[in-house]
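The values are calculated or read from the model by the stated rules, or taken from the named source; none is laboratory data. As the structure is a prediction and not an experimental result, all values here were calculated from the model. Neighbour counts run over all protein chains shown; Cβ positions are idealised from the backbone, glycine included. To get the accessible areas, we keep the full protein, side chains included, count just its heavy atoms, and leave off ligands, DNA and RNA. Shrake-Rupley method; radii C 1.70, N 1.55, O 1.52, S 1.80 Å.
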Amino acid sequence: MVYLLLADGFEEVEALTVVDYVRRAGVELTTVGVTGRVVTGAHDIPVTADVLLEQVQKERMEMVILPGGGKGTENLKKSVAVQKLIRACLERDGMAAAICAAPSILGEMGLLQGKQAICYPGFEEKLKGATVADQPVVRDGNIITAKSAGVANRFAYAIISALVDEEKVEEIRQQVYDR
């Protein structure tokens with residue numbers, strides 16, 4: 001199971017592009033409301049999450065996805081339950097993916113030590129222990145990070161590649177006419 005965490009102030013493009021593309025790829029993705037069942041994005045778009053944080057089935061986790069957005073990242077970061085969920089997923093040999101400001105959560109948790117990562121410009125110092133990459137999307141082992149909303153589609157493709165394969169990525173590119 002793939003869980004995408006939503007907290008008030010999340011960046012809509014970063015979250016919903018991933019939900020759309022990953023579901024198109026046939027991957028079971030569940031949106032998780034961290035700040036409530038209805039979560040309002042950074043641009044005042046309300047989204048109804050599939051489940052609440054306490055309903056996550058930790059034993060089924062393959063990946064946890066963290067969309068960015070300044071306020072959304074802060075709301076995710078201050079949740080001890082979110083941090084426990086990320087650690088539990090990685091301890092089960094799962095993956096974590098974060099975009100924009102959200103890779104700072106992984107960095108501040110010490111999960112980027114010795115890895116390459118990228119984030120929204122200005123957050124680099126929060127990628128503690130990481131080598132900051134000069135790429136829009138980076139996969140290093142079980143961690144995927146991406147720079148910003150402008151690369152949300154490439155972030156989604158990296159997630160699909162990690163969970164399925166490159167053939168499925170090409171299929172989705174054809175569906176959305178990304179050529």
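Structural remarks
- Filtered residue count, the range 17-40, keeping only those that are under 19 Å from residue 52 (Cβ atoms) and not charged (D, E, K, R): 12
- Among the candidates 32, 27, residue that is in a loop (DSSP other than H, G, I, E, B), touching a residue at least 12 places away in the same chain (Cβ under 8 Å) and surrounded by 15 or more Cβ atoms within 10 Å (Cβ to Cβ): 27
- Scanning the range 49-79 for residues being open to solvent by 30 Å² or more (accessible area, probe 1.4 Å), touching a Gly at 6+ places or on another chain (Cβ under 6 Å) and assigned to a loop (DSSP other than H, G, I, E, B) gives a total of 1.
- Subset tally (residues that are assigned to a loop (DSSP other than H, G, I, E, B) and open to solvent by less than 50 Å² (accessible area, probe 1.4 Å)) for the range 124-141: 6
- Pair list, Cβ < 8 Å and 6+ apart or interchain, from the range 153-179 residues that are without any contact (Cβ under 8 Å) to a residue 60 or more places away in the chain and open to solvent by 40 Å² or more (accessible area, probe 1.4 Å) to residues that are not in a helix (DSSP H, G or I) and not charged (D, E, K, R): 154/136; 154/137; 154/146
- Search result, residues across the range 152-179 that are within 19 Å of residue 141 (Cα to Cα) and in a helix (DSSP H, G or I): 154, 155, 156, 157, 158, 159, 160, 161, 162, 163, 166, 169
- So residue 91, is it surrounded by fewer than 22 Cβ atoms within 10 Å (Cβ to Cβ) and free of Cβ contacts under 8 Å to residues at least 12 places away in the same chain: yes
- The listed residue being among the hydrophobic types (A, V, I, L, M, F, W, C) and over 23 Å from residue 2 (Cβ atoms), out of 164, 132, 151, 176: 132
- Candidate set from the range 35-48 (those that are of a type in the set (S, T, N, Q) and surrounded by 19 or more Cβ atoms within 10 Å (Cβ to Cβ)); member that is farthest from residue 81 (Cα to Cα): 40
- Taken over the range 35-89, the criterion of being closer than 17 Å to residue 2 by Cβ and among the polar types (S, T, N, Q) is satisfied by 55, 57.
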